[in-house]
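Report on one structure; see the data block that follows.
The values are calculated or read from the model by the stated rules, or taken from the named source; none is laboratory data. Remember, predicted model here, so these are calculated numbers, not experimental data. Here the Cβ positions follow ideal geometry from the backbone for every residue, glycine too, while neighbour counts run over all protein chains shown.
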Amino acid sequence: MRIIPVLDVLNGRVVRGIAGQRDSYQPVKSILTPNTDARSICDAFEQQFAMTEFYIADLDGIERDALNINVLRTVWDSRYRIWLDAGFSSVVKLNSIQRDISLDFLYRIIIGLECCPNASNLESLLQVISPERLVFSLDMQNGEPLLPSDADPVWSQATALQIAQHVIELGVRTLIVLDLAAVGMGNGTPTYNLCRQIKQQYPNLELITGGGVNSKSDLVRLESCCDGVLIASALHDGRLTVGDVCQYR
């Protein structure tokens, strides 16, 4: 299992995510660096933890189709492997974004449930993004699937596990299971049981989770069913040390 540091970007700055309440997010305060720009945060993670794989959630792209193009250009570095969640909901939106910036530098492209209204859109995206690069994020809020307002009734009536099964059967090879209500709270990761169920059914699936990690004991627990874990707050405030995370790079 490996740790993938998360950068939530809002209005050009890295912010601290708390419980998915994006309207109240404030610039991140980190013991690693006094700066809040994405490049400085990435460099700090590399210098402190020797981590070079990063998950960037472009909240402006997710919320209002206003991608932080300049931020992405600053982290465009051959030694960094960037995962990007920017509200990619359809091939049309993907193509629109690529008119402003090439996405070829991205290691992974995230398709989030909160933006993707139906399986048809996902199938179309799987035709233009290789299965090795496409990642589906099973977004939840307090254990319930987090769906866009125009979600297909089939998904609206499905459980989180059923949606996971559906997208895997469509060809998704990497799945993120994320409960936004747990993000930044430090109360442990509530997705553990669901991750266990999914991993038992699909042992070859690359399974990533996150939200609420507080200590090394959380990492040890998640190792049994996850291939990666998304973390931000516990790295920024020192709850996880270099010694805690050295085996998870």
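Within region 1-19, take every residue that is part of a strand (DSSP E or B) and of a type in the set (Val, Ile, Thr) and give me the one that is modelled with the lowest pLDDT.
15
So which residues in region 70-79 are assigned to a loop (DSSP other than H, G, I, E, B) and either over 25 Å from residue 114 (Cβ atoms) or of a type in the set (S, T, N, Q) (or both)?
Selection gives 76, 77, 78, 79.
Would you confirm whether any residue within region 74-88 is of a type in the set (Phe, Trp, Tyr) and surrounded by fewer than 17 Cβ atoms within 10 Å (Cβ to Cβ)?
yes
Restricting to region 53-74, name every residue that is among the β-branched types (Val, Ile, Thr) and out of contact with any strand residue (DSSP E or B) (no Cβ under 6 Å at 6 or more places or on another chain).
Passing the criteria: 62, 69, 74.
Looking only at region 141-195, which residues are at pLDDT below 90, over 17 Å from residue 207 (Cβ atoms), within 15 Å of the chain's Cα centre (by Cα) and part of a loop (DSSP other than H, G, I, E, B)?
183, 184
Return yes or no: is residue 22 over 17 Å from residue 137 (Cα atoms), in contact with a Leu (Cβ under 7 Å, 6 or more places away or on another chain) and modelled with pLDDT under 90?
Yes; evaluated as a whole, the condition is true for this residue.
Sort through 84, 106, 67 and tell me the only one that's closer than 26 Å to residue 235 by Cα, assigned to a loop (DSSP other than H, G, I, E, B) and modelled with pLDDT of 90 or more.
Checking each option against the conditions leaves just 106.
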